[in-house]
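Inspection log for the structure reproduced underneath, given as structure tokens.
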Amino acid sequence: MKLKSESEKDAYWQSLYKTDQDTLLRLPTDNITAYDSLSTTLMIKTSLMFEIHGKEVYKKNNVVPILNFTHNYLSKANLIFWPIINQCVEIGGYINNFATGFPAYQLEAISNNFYQYSLSGQEEKYAKLVDKIEAFPKDPIIPKLVAAYQNQKELRTLNIKEVIGQWYVQPFKNLKEDFCFQILKLSDDNIYIKHGEYFQKLLLLDDGNRMKKFKIENEPFGWYYKLSSDNQLKLYNSNHENLIEYSQCN
């Protein structure tokens, strides 16, 4: 994919933008695996552009990497793709003011994909959260993107052994959505949290008689859940402050 001229590079970026707008965003909502496949493919193609041509291939008016990041719903893929976002920030331009700008727009995507929690209006926390993401291991991007997609695809083939509980999604303390998420045991005998059609493995941190403590595997912020014996679920940040006390779905 070595492109020689600037016009060839511009045309390639334009083709990725067109695929995002005209194909990805128009896929049927009931075929989430097809959506993940295409969104991952677009991230891979963007990563290849940076890998082959260096960060200078990114121009200040290019929105493609920004859209790749926010139109992806695989939580781990956001972390894998973060070095690409960093290179865009080094160049500057649209990424600083597109939508809510960097880092607000990107942090909102991460907190939503991991927790369906909103960081809107919490600007004072952004710098520390970015530092936590920066500390995440910088793995080879393309093979890790493929692995993240394959892992989610395989999880969707597993059977549900037990529904441990379900609660209403709450992006804010004072806003409860009319749809729910679940904590499940799947047929591999692991525990998962399921937001929409996306499964994330939960790691057991503390197995008390009256309270269990879980964190999402690979989450970057140090946040965790506490689940009581009567199925009361709460989300905490790394300072042990309660972010959300969820309401159970009937």
Of the conditions (1) in a strand (DSSP E or B); (2) more than 25 Å from W82 (Cα to Cα), the single one that I193 does not satisfy is (2)
Next item on the list: Tell me, please, whether a residue that is more than 23 Å from L202 (Cβ to Cβ) and either more than 12 Å from the chain's Cα centre (by Cα) or aromatic (F, W, Y) (or both) can be found in segment 143-157.
Entry: yes
When segment 201-211 is checked residue by residue, the ones that are over 20 Å from Y117 (Cβ atoms) and either out of contact with any Lys or Arg (no Cβ under 6 Å at 6 or more places or on another chain) or part of a loop (DSSP other than H, G, I, E, B) (or both) are L204, D207, G208, N209, R210
Exactly one of P171, P140 is modelled with pLDDT under 95 and not hydrophobic (A, V, I, L, M, F, W, C), and that residue is P140
Residue pairs within 9 Å by beta carbon, gap of at least six or interchain, first lying in segment 1-27 and over 20 Å from N72 (Cβ atoms) and touching a residue at least 12 places away in the same chain (Cβ under 8 Å), second of a type in the set (V, I, T) and part of a helix (DSSP H, G or I), listed first then second, are M1/I52; K2/I52; L3/I52; L3/V57; K9/V57
Requested in this report: Could you tell me whether L184 is at pLDDT 95 or above, more than 24 Å from I80 (Cβ to Cβ), of a type in the set (A, V, I, L, M) and surrounded by fewer than 19 Cβ atoms within 10 Å (Cβ to Cβ)?
Outcome: no
Pairs returned, first residue in segment 228-250 that is over 12 Å from Q170 (Cα atoms), second residue that is part of a loop (DSSP other than H, G, I, E, B) and of a type in the set (S, T, N, Q), beta-carbon separation under 8 angstrom, 6 or more apart or interchain, are S229/N209
Counting only residues that are without any contact (Cβ under 8 Å) to a residue 40 or more places away in the chain, under 24 Å from L155 (Cα atoms) and more than 18 Å from the chain's Cα centre (by Cα), segment 208-227 contains a total of 4
Within segment 46-63, restricting to residues that are touching a helix residue (DSSP H, G or I) at 6+ places or on another chain (Cβ under 7 Å) and without any contact (Cβ under 8 Å) to a residue 40 or more places away in the chain, the one that is nearest to V146 (Cα to Cα) is T46
**Asked** Do we have any residue at all in segment 215-222 that's outside any loop (DSSP other than H, G, I, E, B), assigned by TED's automatic domain parsing to the domain that holds E241, at pLDDT 95 or above and under 23 Å from S247 (Cβ atoms)?
**Response** yes
Quick count over segment 223-250, residues being surrounded by 13 or more Cβ atoms within 10 Å (Cβ to Cβ) and not in a strand (DSSP E or B), is 7
Here the residues within segment 158-176 that are in contact (Cβ under 8 Å) with a residue 24 or more places away in the chain and either of a type in the set (S, T, Y) or in a loop (DSSP other than H, G, I, E, B) (or both) are L158, N159, Y168, V169, Q170, P171, K173, K176
Residue hits (segment 211-250; within 14 Å of I191 (Cβ to Cβ) and among the hydroxyl-bearing types (S, T, Y)) are Y224, Y225
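The values are calculated or read from the model by the stated rules, or taken from the named source; none is laboratory data. Note that the structure is a prediction, hence the values are computed from the model and not measured. Neighbour counts run over all protein chains shown; Cβ positions are idealised from the backbone, glycine included.
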